[in-house]
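Quick notes on the structure that follows.
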Amino acid sequence: GCVMNGKLYPFGHIERTEGCHRCNCWEGGMECCSLSFTPVSYDKNCKVIFNKKRCDYDVVHKDDPSKRCLFVARV
């Protein structure tokens, strides 16, 4: 298998790692890509919080995280 962040994964396709990546593991190594895209171009009164359960980012108001903010794009 392959080791990523101290965890052993089996050879083959890994749909989702603990760190929110999709990977392929083979004898020669491991290749991964992120399952999430970071929001950009949001209001300065907002902040980005990573939701590890969903492997996604939330953009919320700094003063009231229960209120979501709009954002223009993700990278």
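The values are calculated or read from the model by the stated rules, or taken from the named source; none is laboratory data. These figures come from a predicted structure and were not determined experimentally. Note that each Cβ is placed from the backbone with ideal geometry, even for glycine, and that neighbours are counted across all protein chains shown. For the accessible areas, the whole protein counts, side chains as well, though only heavy atoms, and no ligand, DNA or RNA atoms are used. Shrake-Rupley method; radii C 1.70, N 1.55, O 1.52, S 1.80 Å.
Data for the structure
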quantity: Residue among C33, C55, C20 with the largest mean-square fluctuation in a Gaussian network model of the chain, springs linking Cα atoms under 10 Å; calculated: C33
quantity: Accessible area of the chain divided out per residue, in Å², using a probe of 1.4 angstrom; calculated: 72 Å²
quantity: Semi-axes of the equivalent ellipsoid for the chain, Cα gyration tensor, largest first, Å; calculated: 33, 12, 8
quantity: With at most 12 neighbouring Cβ atoms within 10 Å, loop trypsin sites (Lys or Arg not before Pro) (DSSP) excluded, longest segment of the chain; calculated: 17-43
quantity: Within the accessible area of the chain (1.4 Å probe), percent carbon and sulfur; calculated: 52 percent
quantity: Low-density loop positions, GluC sites (Glu not before Pro), the stretch 1-56 - DSSP coil, at most 10 other Cβ in 10 Å; calculated: E15, E27
quantity: Highest-fluctuation residue, D56, D43, D64 considered, GNM on the chain with Cα pairs under 10 Å; calculated: D64
